[in-house]
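Asks: One structure is given below, represented as structure tokens, and several questions about it will come after.
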Amino acid sequence: MLTPLARQAFAAFSALVTLLPALAAAPASRVISLNLCTDQLVLALADRSAIVSVTYLARDCTISAQCRAAASEPINYGTAEELVAAEPDLVLGGRYTTRPAIGIARRLGMKVLEFDPPSSLDMVRRQIRDVAEALGRPERSETMIAALDGRLAALPQAAPEGERPVATVYQANGMTVGANSLIDAALQAAGFDNLARRLGLENYMYLPLETLIAGRPDPPDPQYAASDLPLAGRERPEPSGDCRRHRPRSAHHRPAIAVDLRLARDRRRYRAAGASAGAPRDGTAINGKARDGLLLASLALLAATLFVASALIGRVPLAVSAAVTDLWHGRTSPAALILFQLRFPRALLGLLVGMTLGLSGAVMQGLLRNPLAEPGVLGVSAMAAFGAVVAFYTGLSLRFSLALPFGGIVGAFLAVAPLGSLAGTRGSIFVMLLAGAAINSLAGALTALALNLSPNPYAA
Amino acid sequence: MGSLVDRSLDHVALAAPLMAIGWVLLLSGGRALDALTLGEETARSLGFALERVRLRLILGTAFAVGAAVAVSGAIGFVGLVIPHLLRPLVGHEPSRLLVPSALGGGCLVLAADIAVRWLRTGPELRLGVLTALIGAPFFLLLVLRLRREAI
């Protein structure tokens, strides 16, 4: 309940990450940080000249202890394109964030260090050492750790076990933080008895409001009670070690669209249309085929133009002719990589996905003879989204990078089984629509279930 | 919500073959769809095995849309809006609508993807959010127009 207190305790640790003066000449290092937590360490330990960029989150003073130092540094948004263009020789990232960018950095043979969200003070010390080591500034880590330990030692002596004030962190959606977490370590060090730990909770867990009240946390110190921070329902997570922001969100399910069945009227309309099939439909369509050809040609031209434009627009400015020349000669320059490995697949996928959606939309509206039909009406895309969510929350997507789309495809085929068996029977098309609605809501429920059971406090 | 940020050629290699299978299945159903506009009974009497057509089209949707959602996430309203935009230009025969709808869908998604990058909103706006933001009002307009026609 004592969010301000916990926050205060944590601020102590964040403040330990103090900026040190540059001691020596810049090591031959170009460092990019893709994660809020590694941002803090890079800003504290690296020479300013060695920092290529930190994340945009590092400038946000509500979550970043080093926001003032970050204000004068270039920022990135954790995309692969920025990473490749920066040509870093050291990439620092979190275990759970910006996976595509880190995957590409590894493939390009860059030196990559990934960090788990720290769960103890020892882990903090270890990570400080690891980052300083990688930066070629091992001596700075000892200064920083000494400062941390000095501040810890300066804390007032905690009351004996059993007499400590009871506190806990209560975050949005009723999430709390139990044992084996940095926040728990901070509460311990600040002399609190963490209610969540006493209840046997570990890490990020859900704490029902009733349990919280029954646990009788001590009233907040009046010194902090005046704080303007609401106790719960904060939109932002605590500034504490929340290395999990900036995490790619997976596809969420879309609610099924209630389909308005206007079959009788459509049948009339389509019958009128069908009666004139093969003949000019109206006065203006003197030559339907030529007009279709013109339409197709102009759409194809538009698609080609947009495809090229898509390859030219991006986060970083690109010397296109140089990139094409490099590509032609088989040289791997950043420009060529960005154009061919990042923008080309993106544009190609945009085109393919769009064509698929347009085509299947037209087919569905024809097959179901319903103007409000669309590709999602049979529940296939909702099930695909569910498959991707499962791949994401079971951690499969951390093991291999294509787990997400693979899970999506498996999900889509789960939806096909019942639909296929229905389609083979002589049942009316309504049966398919009903089955689609059922699959849609089932997929929605399963996705919600997967999110519900996942340990990520920001998923719900 | 869907997005195309940081996709690689691996994603293309995974999705493209499945999409191609789906497209072939979907495009093969054009004639049957024309017949189906006359009603199920008429289509049957014209010699179309409707069960098999339906199975083919549903499998085609599953292959193509499943692969699309798997690599990009849900990008809403494209499949709904595009056929409606193009229908006045090609008429009401479903078979003539298929290829233009495919190209139109490609144009719309490419344009929306360019827009999310061009808007420079800091962290990129999600593609699916943009298409839904534009698509939902259009959908409403469509429903209102249908109501008016029905009265």
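Asks: If you count, for every residue in A:367-380, the Cβ atoms of partner chains within 10 Å of its Cβ, what is the mean?
Replies: Per residue, the average neighbour count from other chains is 6.
Asks: For peptide B:40-52, what's the mean number of Cβ atoms from other chains within 10 Å of each residue's Cβ?
Replies: 2
Asks: Still on this model: In whole Å, how far is the Cα centre of segment A:37-105 from that of segment A:289-342?
Replies: Centre-to-centre (Cα) distance: 29 Å.
Asks: Distance between Cα centroids, segment B:1-64 to segment B:97-111: provide it in whole Å.
Replies: Cα centres, segment B:1-64 to segment B:97-111: 15 Å.
Asks: By how many nm would the segment from A:SER72 to A:ALA153 lengthen if fully extended, with 0.36 nm per residue of separation less the alpha-carbon distance? Show your work: numbers first, answer last.
Replies: Details: separation 81, 0.36 × 81 = 29.16 nm, distance 3.27 nm.
Between A:SER72 and A:ALA153, full extension yields an extra 25.9 nm.
Asks: Could you calculate the FRET efficiency of A:SER49 with B:PHE138 from 1/(1 + (r/R0)^6), where r is the beta carbon distance between them and R0 is 56 Å, rounded to 0.05? Please list the in-between numbers first.
Replies: On the way: r = 51 Å, r/R0 = 0.91.
That gives a FRET efficiency of 0.65.
Asks: Please list, in chain and number order, the residues 5+ apart from A:ASP193 or on another chain whose amide H is under 5 Å from its amide H, with Hs placed from the backbone.
Replies: A:VAL166, A:ALA167
Asks: Further, regarding this structure: I want to make sure I understand the PRE zone here: with the label point 7 angstrom from the Cα of A:ALA297 toward its beta carbon, which residues in segment B:88-123 have backbone N atoms less than 20 Å away?
Replies: B:89-91, B:96-104, B:107
Asks: Taking a label point 7 Å from the Cα of A:ALA172 along the Cα→Cβ vector, which residues of segment A:185-218 have an amide N closer than 18 Å to it?
Replies: Flagged as within label range: A:204-207.
Asks: Expressed in nm to one decimal, what extension gain is obtained for the pair A:SER428 and A:ARG106 from 0.36 nm per residue of sequence separation less their Cα-Cα distance?
Replies: 110.6 nm
Asks: Computed FRET efficiency, Cβ-Cβ of B:THR42 and B:VAL129, R0 35 Å: what is it to the nearest 0.05? Write out the running numbers ahead of the final one.
Replies: Values: r = 43 Å, r/R0 = 1.22.
Calculated value: 0.25.
Asks: Grab the beta carbon distance between A:ASP122 and A:ASN452, set R0 = 56 Å, and tell me the FRET efficiency rounded to 0.05.
Replies: Here the calculated transfer efficiency is 0.95.
Asks: To continue, here is another question. For segment A:329-457, what does the equivalent ellipsoid look like in terms of its semi-axes, each the square root of 5 times an eigenvalue of the Cα gyration tensor, given largest first in whole Å?
Replies: The answer is 33, 22, 11 Å, longest axis first.
Asks: Then there is this: Work out the mean other chain Cβ neighbour count within 10 Å for the residues of A:301-314 and drop it here as an integer. Numbers along the way, then the final one.
Replies: Details: counts 2, 6, 10, 4, 3, 9, 4, 1, 5, 7, 0, 1, 5, 3.
Neighbouring Cβ atoms belonging to other protein chains average 4 per residue here.
Asks: Right, something else. Rounded to two decimal places and with Rh computed the Kirkwood way over Cα pairs, what is Rg over Rh for segment A:81-170? Could the numbers behind the result be given before it?
Replies: Working: Rg = 18.3 Å, Rh = 16.1 Å.
Ratio of gyration radius to Kirkwood radius for segment A:81-170: 1.14.
Asks: Give, in nm to one decimal, the length gained when the segment between A:GLU139 and A:VAL308 is fully stretched (0.36 nm per residue of separation minus the Cα-Cα distance). Display every interim value, and only then the final one.
Replies: Numbers: separation 169, 0.36 × 169 = 60.84 nm, distance 5.02 nm.
Answer, rounded to one decimal: 55.8 nm.
Asks: Would you kindly calculate the translational diffusion coefficient of chain B, applying Stokes-Einstein with the Kirkwood radius from alpha carbon pairs, for 10 °C and a viscosity of 1.306 mPa s, and quote it in µm² s⁻¹ without decimals?
Replies: D = 92 µm²/s.
Asks: Would you compute the Debye intensity of segment B:85-141 from its alpha-carbon atoms alone, equal scatterers and no solvent, and pass along log10 I(q)/I(0) at q = 0.15 Å⁻¹ to two decimals?
Replies: Here the Debye-derived log intensity ratios amount to -0.55.
Asks: Taking the Cα-to-Cβ direction at B:LEU89 and at B:SER28 and moving 7 Å from each Cα, how far apart do the two end points lie in nm?
Replies: My value for the distance between the label points is 2.9 nm.
Asks: Next question. Can you tell me which of A:35-48, A:104-117 comes out highest on packing, and rank the rest after it, using the mean Cβ neighbours within 10 Å?
Replies: Going by the mean number of other Cβ atoms within 10 Å, highest first, we get A:35-48, A:104-117.
Asks: Next up: Taking amide hydrogens as modeled 1.01 Å from N in the peptide plane, which residues meet the under 5 Å criterion relative to A:ALA179, leaving out close sequence neighbours?
Replies: Long-range HN contacts for A:ALA179: A:ARG197, A:LEU201, A:GLU202, A:ASN203.
Coordinate-derived values only; no laboratory data. Not measured: the values here are computed from a predicted model. All Cβ positions, glycine included, derive from the backbone under ideal geometry; neighbour counts span all protein chains shown.
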